[in-house]
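Read the structure below first, then the notes.
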Amino acid sequence: MQEAEIDFSYPEEVNIRGYKPTINGNLKQLKKVVGAIAAAERPLICVGGGAFCAKAQVQVRQLCEETKIPMVTTMMGLGVLPTSHPLNIGMIGSFGHKTANMALSQTDLLILVGARVGDRAITAPEKISSQSKTIHIDIDPAEIGKNVNPTVPLVGDLRAVLESLLAEHPISNCSHWSEYLQQEAAAKKATMPDPCPDTIQPKRLMAEIGKQITADACVVADVGQNQIWAAKYLPMRQGRFLTTGGLGTMGYALPAAIGVKIAAPEKQTIVVCGDGAFQMTNNELSTMVEQGCDVKIVLLNNRTLGMVCELQRIAKRHKFAVALPDTPNFGKLADAIGVKSRRISQDADMADAIAEMLAYDGPYLLECVVSEAENSKVNM
């Protein structure tokens with residue numbers, strides 16, 4: 001059966017009896033959304049990964065800019081607006097930006113756009129439901145009301161719904177609220193920690209990577225502290241931030257980046273990973289070389305499973321099963337497979353090392369020595 005050949009062509013339309021999704025939003029509900037936006041003093045748009053699934057980035061940006069409503073994102077919604085956009089307040093969640101979480105706690109109208117409201121993004125959904133009105137737009141009715149009870153549920157394809165909403169020309173009166181959040185977010189983004197002797201400071205590293213990569217680069221982050229540092233501090237412009245936000249699958253980044261490079265070989269592709277996650281799929285270095293994938297790997301080496309170690313430290317628990325003191329010599333490993341590499345441990349070397357990595361024609365591993373004491377749960 002596996003070797004049999006058959007004639008096949010995709011049907012012109014899909015017609016499955018048990019699958020009849022709502023594409024266009026209900027007009028009555030759209031009118032309610034317009035009214036809620038006009039009445040709100042502190043509205044906030046929260047964007048999730050559904051914006052990318054629906055290819056609705058342009059519509060999300062248009063809604064923000066036309067109404068001047070500030071926006072926060074879940075981890076999966078990163079990149080919908082450029083990091084530098086004044087209305088982009090930052091990522092929410094237990095490891096998110098302080099200003100974004102503050103905005104979430106003070107809003108009187110939360111507009112959920114293609115976000116499933118997982119517990120990593122909103123840790124106290126019952127508090128959100130009690131303190132503010134909520135609009136939830138999603139194509140999957142099962143997601144609406146699952147975690148946060150919406151005041152106005154709106155089922156439909158996000159792009160189609162937002163186009164219909166924009167056609168209603170919603171008006172918001174939130175200029176003071178928006179300006180306040182923009183100022184707070186800008187101050188936090190501009191804050192840089194002091195360099196740490198003989199190690200690389202993660203926020204400084206991510207800022208330098210964001211400065212040097214192309215505007216449409218694809219950043220593929222693994223799981224752990226490296227993921228949070230990249231999500232919070234690596235500026236995105238017109239590119240895409242890919243990560244495994246829900247499942248949290250360590251070892252995701254390297255094979256995912258190879259997939260990106262095969263699908264779009266012209267796209268500059270950067271992997272951000274930790275020493276623990278990297279060792280789960282480092283065999284894919286061979287695949288990368290074999291396929292000629294020009295992937296750049298930034299490996300943050302703190303010789304520990306950093307996220308678990310950090311959580312144990314916060315809980316004042318005994319450090320257990322997190323130490324990776326005898327990690328391999330990553331430079332020799334890369335060299336054995338045919339991947340060029342460099343190791344740095346001083347902030348002063350970052351700019352030159354990143355420039356060298358990006359200029360090199362072929363796969364490259366940049367190992368950055370990071371202090372085990374660095375935290376990801378820092379409110380900046």
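The values are calculated or read from the model by the stated rules, or taken from the named source; none is laboratory data. Small disclaimer: the values here were computed from a predicted structure and weren't measured. Because the Cβ atoms are built from the backbone with ideal geometry, glycine has one as well, and the counts that use them run over all protein chains shown. These area figures cover heavy atoms from the full protein model, side chains too; ligands, DNA and RNA do not enter into them. Shrake-Rupley method; radii C 1.70, N 1.55, O 1.52, S 1.80 Å.
Structure above, values below:
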quantity: Cβ-Cβ FRET estimate between residue 26 and residue 377, R0 fixed at 56 Å, reported to 0.05; calculated: 0.90
quantity: Gaussian network model of the chain, Cα within-10 Å springs - most flexible of 85, 97, 176; calculated: 176
quantity: Partner aspartates and glutamates for residue 211 [C-alpha distance under 17 Å; skip if fewer than 8 residues away on the same chain]; calculated: 347, 349, 352, 356
quantity: Probe 1.4 Å, protein heavy atoms only - accessible area per residue of the chain in square angstrom; calculated: 48 Å²
quantity: Residue among 95, 117, 81 farthest towards the positive dipole end of the stretch 76-216, charges placed on Cβ; calculated: 95
quantity: Other-chain or far-sequence residues with amide H under 5 Å of residue 139's (modelled H); calculated: 156, 158
quantity: Excluding exposed DSSP-loop chymotrypsin sites (Phe, Trp or Tyr not before Pro) (at most 14 other C-beta within 10 Å), longest clean stretch of the chain; calculated: 9-319
quantity: Restricting the stretch 44-81 to trypsin sites (Lys or Arg not before Pro) in coil, as DSSP defines it, with at most 14 other Cβ within 10 Å; calculated: 55
quantity: Per-residue HN-Hα couplings for the stretch 10-21 [Karplus 6.51, -1.76, 1.60; θ = phi - 60°; Hz; x = Gly/Pro]; calculated: 5, x, 5, 9, 9, 9, 9, 4, x, 10, 10, x
quantity: Built amide H within the under 5 Å cut-off of residue 365, gap 5+; calculated: 297, 340, 341, 342
quantity: Area of residue 204 that stays accessible when all protein chains are in place (1.4 Å probe, Å², to 10); calculated: 70 Å²
quantity: Total charge dipole magnitude, the chain, about the Cα centre, Cβ charges on Lys, Arg, Asp, Glu only, Debye to nearest 20; calculated: 1300 debye
quantity: Extension gain (nm, one decimal) between residue 85 and residue 335, 0.36 nm per residue minus Cα-Cα; calculated: 86.0 nm
quantity: Lysine pairs meeting the criterion (Cα under 29 Å, 8 or more apart or interchain), as found in the stretch 276-380; calculated: 6
quantity: Under-5 Å amide H pairs with residue 111, H placed in peptide plane, nonlocal only; calculated: 44, 45, 46, 135
quantity: Accessible-area value, residue 129, 1.4 Å probe, nucleic acids and ligands omitted, Å²; calculated: 40 Å²
quantity: The chain - percent of accessible surface contributed by carbon and sulfur, probe 1.4 Å; calculated: 52 percent
quantity: Distance between modelled label sites at residue 186 and residue 266, nm, 7 Å Cα→Cβ extension; calculated: 3.5 nm
quantity: Computed label-point distance, nm, for sites residue 359 and residue 5 using a 7 Å Cα→Cβ extension; calculated: 5.1 nm
quantity: Rounded, prolate or oblate (a/c below 1.5 giving rounded, otherwise prolate when a/b exceeds b/c) for the stretch 57-125 by Cα gyration tensor; calculated: prolate
quantity: Top of 37, 171, 297 by mean-square fluctuation, Gaussian network on the chain, Cα under 10 Å; calculated: 171
quantity: Listed residues 142, 355, 221, most fluctuating in the chain (Gaussian network, C-alpha, under 10 Å); calculated: 142
quantity: Net +/- balance of residues flanking residue 233 in space, Cβ distance below 9 Å, scoring K and R +1, D and E -1; calculated: +4
quantity: Relative contact order [Cα under 8 Å, 6+ residues apart], the stretch 255-380, whole percent; calculated: 29 percent
quantity: Cα shape, the stretch 34-164, gyration tensor, a/c 1.5 rule; calculated: rounded
quantity: Cut-off 12 Å, label 7 Å out along Cα→Cβ of residue 211, residues of the stretch 331-349 by amide N; calculated: 348-349
quantity: Largest to smallest accessible area among 132, 94 [probe 1.4 Å]; calculated: 94, 132
quantity: Stokes-Einstein D in µm²/s, Kirkwood radius over Cα pairs - the chain at 25 °C with 0.890 mPa s viscosity; calculated: 111 µm²/s
quantity: In nm, spacing of pseudo-spin labels at residue 311 and residue 66 (7 Å Cα→C-beta vector); calculated: 4.2 nm
